[in-house]
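The values are calculated or read from the model by the stated rules, or taken from the named source; none is laboratory data. Computed from a predicted structure; not experimentally measured. Counting neighbours? That spans all protein chains shown, and the Cβs are built from the backbone with ideal geometry, glycine included.
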Amino acid sequence: MSVVFYLLAGVTVLGGLTAVLLKNTVHCALALTVAFAGLALLFLELDAQFAGFAQILVYIGAVAILVVFAILLTRGSETPKDGVFSRTWMAGLVVAAAVFAGLGWAVIQSAQFLPHETGAPPVVTVEQIGNALMGRYVLPLEIVALLLTAALVGAVIVAMHEKGDIK
Amino acid sequence: MVTMLDQIFVLLKHWLVSFLPLELQTPVSVLISVVAIIGTFPALFALTTVLERKGLGRIQNRIGPNRTGPFGILQPIADGIKSLTKEDIVPLSADAVVHFMAPLVLVVAVFMGFAVLPMGRNMELVDMDAGLLFFFAIGASTELSVFMAGWSSRNKYSLLGAMRAVAQMISYEVPLLMSSVAVVMITGSLSLVKIVAAQNQYTWGLPHWYIFTPWGCAGFVMFAVAATAETNRSPFDLPEGESELVAGYFTEYSGFKFALFFLGEYLGMFSISGLGATLFLGGWSAPLQALQFVPSWIWFFSKVMLSIVVLIWIRGTLPRLRQDQLMNFAWKFVLPMTLLNLVDVGLWRFLGEGWIRWVVCSVLMLGAYVLMARAGMRQEHFGPRRYRYADS
């Protein structure tokens with residue numbers, strides 16, 4: 001594990017921590033953006049160009065903006081009076097640690113079932129990703145597209161209903 | 001001799017780097033290219049500010065700056081000295097950290113976009129396999145800096161301007177990407193170097209630029225409209241209109257931070273003009289086969305400066321669009337036309353060579369344009385305005 005990996009992992013974890021610990025909600029959203037950027041750089045460090053740039057385009061360019069708009073248009077930007085942490089934080093910590101342990105065990109156990117590959121990992125081009133998406137994985141692609149369309153139509157209907165009420 | 005002039009910057013860089021030991025050669029070579037980009041484009045920015053003020057002045061029947069140097073060409077130096085020596089006022093209740101970082105994020109994101117543009121033969125900083133995706137990903141990050149600027153100023157006008165600007169930039173992001181997807185479909189690659197190489201061929205002396213095809217022409221128009229809206233240029237400059245919102249999201253910035261925002265906006269104009277030239281106007285390729293002796297970087301920068309001149313011209317000519325007109329235009333007109341453009345590209349590819357595909361594709365685009373425009377105009381109610389909240 002190289003120095004670059006530790007640096008990027010540190011940035012991501014720091015971004016995530018500050019997103020939870022800061023008091024001002026918009027600062028939290030910006031720290032979350034730093035965490036997204038750290039993840040994208042980790043993808044790029046693994047030579048996954050398409051995944052890294054798509055992460056930047058979708059997460060930082062769209063999801064972060066959406067989070068920020070949601071904070072702006074509601075009254076969430078005011079700091080809550082009784083502090084940001086709930087009283088049962090210990091139980092939450094135990095549950096999160098248990099889930100993380102379970103996932104970590106599953107991932108480490110599955111490593112022994114991978115084919116033993118020696119040498120450098122293959123360089124994946126965008127063309128190969130495109131061929132895979134349109135060939136082998138076309139059914140999941142179409143299902144995800146259907147899901148996104150349903151979400152879009154639902155959002156439009158929710159917004160339209162509001163307009164009909166006022167008139 | 002012609003090739004040497006064409007590759008003169010590349011050869012210069014190789015000569016400079018050859019004095020160093022082997023391990024240092026790649027990092028120093030990259031450093032030299034980065035310094036060259038950081039030097040060239042702000043210099044072009046300085047030239048453009050004079051061009052814009054004189055050009056706008058002439059369009060508006062006045063002279064423009066003419067005191068500093070002959071024809072006002074030393075005006076950028078005066079502007080630079082002024083913005084460096086002005087007091088940097090930060091409002092008391094402003095969020096100091098975010099207020100400081102917003103112009104930095106903008107300038108860094110915009111400079112990173114120049115890394116994938118091929119400015120001449122072999123003159124791109126990085127030849128990435130997913131170069132176009134990188135450019136759009138970095139461009140999407142500039143919206144975040146606009147929001148940071150508007151929110152951290154604790155000013156209602158800034159906040160309104162920031163929200164309008166972000167809404168406008170998100171709305172026009174989609175037609176921008178979709179009109180570029182048409183180019184990617186025909187070329188078969190996201191790499192900007194391959195896109196330029198595909199356009200660098202000649203038939204009967206005329207180039208294969210994508211703008212000379214029906215779908216390329218329509219795509220270029222839509223790309224230009226979306227690019228004008230992305231960089232908040234008139235007629236889409238409601239977020240920063242001087243008569244509307246004081247100065248929009250950079251109201252509370254003075255001195256050098258304002259100059260950084262200004263620089264970031266103009267550099268964004270350059271980078272997106274560069275992308276438009278690469279995708280549709282053939283990048284660094286010459287317009288006629290006979291003119292290939294002129295160096296490739298001269299063609300690229302000429303195309304970029306031509307786009308800038310057209311942008312300034314449009315700014316001086318067209319009135320500003322209102323926010324709801326802007327959004328309607330994006331979602332109800334430009335986006336359906338870009339989707340139809342994708343169908344057009346598919347038809348172009350699969351109808352095969354010959355005159356039939358020219359006729360079919362042109363009729364499809366022109367017919368759709370006329371029909372959609374007529375349908376859109378019929379729905380306009382030109383009566384008294386109905387307000388959602390003010391009436392009750």
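The lone criterion from (1) out of contact with any Cys (no Cβ under 9 Å at 6 or more places or on another chain); (2) at pLDDT 90 or above left unmet by residue A:18 is number (1).
In the condition set (1) buried (at least 23 other Cβ atoms within 10 Å of the Cβ); (2) within 14 Å of chain A (Cβ to nearest Cβ), residue B:184 is compliant with all but (1). In this structure, does residue B:169 turn out to be touching a helix residue (DSSP H, G or I) at 6+ places or on another chain (Cβ under 9 Å), crowded, with 24+ Cβ neighbours inside 10 Å and either polar (S, T, N, Q) or within 10 Å of chain A (Cβ to nearest Cβ) (or both)? Criteria met by residue B:169.
Let me confirm something: among B:179, B:141, which residue is polar (S, T, N, Q) and more than 9 Å from chain A (Cβ to nearest Cβ)? Selected residue: B:179, the only one of B:179, B:141 that is polar (S, T, N, Q) and more than 9 Å from chain A (Cβ to nearest Cβ).
Screening segment B:241-289 for residues that are buried (at least 23 other Cβ atoms within 10 Å of the Cβ) and at pLDDT below 85 and picking the one that is farthest from the chain's Cα centre (by Cα) gives B:253.
Being within 9 Å of another protein chain (Cβ to nearest Cβ), in contact with a Leu (Cβ under 8 Å, 6 or more places away or on another chain) and farther than 28 Å from residue B:303 by Cβ narrows it down to one of B:159, B:133, so name that one.
Of B:159, B:133, the one residue that is within 9 Å of another protein chain (Cβ to nearest Cβ), in contact with a Leu (Cβ under 8 Å, 6 or more places away or on another chain) and farther than 28 Å from residue B:303 by Cβ is B:159.
A single member of B:321, B:347, B:311 is within 29 Å of residue B:167 (Cα to Cα), aliphatic (A, V, I, L, M), at pLDDT below 95 and part of a helix (DSSP H, G or I), and it is B:311.
Quick grid of which residues meet (1) surrounded by fewer than 17 Cβ atoms within 10 Å (Cβ to Cβ); (2) assigned by TED's automatic domain parsing to the domain that holds residue A:128; (3) within 18 Å of the chain's Cα centre (by Cα); (4) over 30 Å from residue B:132 (Cβ atoms):
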| residue | (1), (2), (3), (4) |
| --- | --- |
| A:3 | yes, no, no, yes |
| A:7 | yes, no, no, no |
| A:17 | yes, no, yes, yes |
| A:20 | yes, no, yes, yes |
| A:26 | no, no, yes, yes |
| A:33 | no, no, yes, no |
| A:36 | no, no, yes, no |
| A:42 | no, no, yes, no |
| A:47 | yes, no, no, no |
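Screening residue B:190 on (1) at the interface with chain A (Cβ under 9 Å from one of its Cβ atoms); (2) touching a residue at least 40 places away in the same chain (Cβ under 8 Å); (3) in a helix (DSSP H, G or I) shows it passes everything except condition (3). Restricting attention to segment A:7-29, the residues being in contact (Cβ under 8 Å) with a residue 24 or more places away in the chain and either within 12 Å of chain B (Cβ to nearest Cβ) or under 15 Å from residue B:98 (Cβ atoms) (or both) number 5. Out of B:118, B:91, which single residue is surrounded by 20 or more Cβ atoms within 10 Å (Cβ to Cβ) and either farther than 30 Å from residue B:302 by Cβ or away from every other protein chain (no Cβ under 12 Å) (or both)? From the options B:118, B:91, the qualifying one is B:118. Applying the condition of being surrounded by fewer than 21 Cβ atoms within 10 Å (Cβ to Cβ) and among the hydrophobic types (A, V, I, L, M, F, W, C) to segment B:194-208 and asking which residue is farthest from residue B:280 (Cα to Cα) yields B:204.
For residue B:154, the conditions (1) more than 10 Å from chain A (Cβ to nearest Cβ); (2) at negative phi; (3) surrounded by fewer than 24 Cβ atoms within 10 Å (Cβ to Cβ) are fulfilled apart from (2). In segment A:46-60, the condition of being more than 14 Å from chain B (Cβ to nearest Cβ) and either in a helix (DSSP H, G or I) or at pLDDT 90 or above (or both) is met by no residue. Among the residues of segment B:50-74, those that are charged (D, E, K, R) and surrounded by 13 or more Cβ atoms within 10 Å (Cβ to Cβ) comprise B:52, B:53, B:54. Answer with yes or no whether residue A:112 is under 29 Å from residue B:170 (Cβ atoms) and either out of contact with any strand residue (DSSP E or B) (no Cβ under 6 Å at 6 or more places or on another chain) or at pLDDT 90 or above (or both). Judged against the criteria, residue A:112 is not a match.
Please report, ordered by residue number, the helices (runs of 4 or more DSSP H) entirely within segment B:71-169 with at least 2 residues that are farther than 27 Å from residue B:32 by Cα and of a type in the set (D, E, K, R). Full working, then the answer.
Values: elements: B:75-85, B:96-113, B:131-152.
So the answer is B:75-85.
Listed conditions (1) hydrophobic (A, V, I, L, M, F, W, C); (2) loosely packed, with under 15 Cβ neighbours inside 10 Å; (3) within 22 Å of the chain's Cα centre (by Cα) are all met by residue B:37, apart from (2).
Scanning segment B:321-354 for residues that are farther than 18 Å from residue B:224 by Cα and without any contact (Cβ under 8 Å) to a residue 60 or more places away in the chain yields B:324, B:343, B:347, B:350, B:351, B:352, B:353, B:354. In segment A:66-75, the count of residues that are surrounded by fewer than 17 Cβ atoms within 10 Å (Cβ to Cβ), in a helix (DSSP H, G or I), modelled with pLDDT of 90 or more and within 15 Å of the chain's Cα centre (by Cα) is zero.
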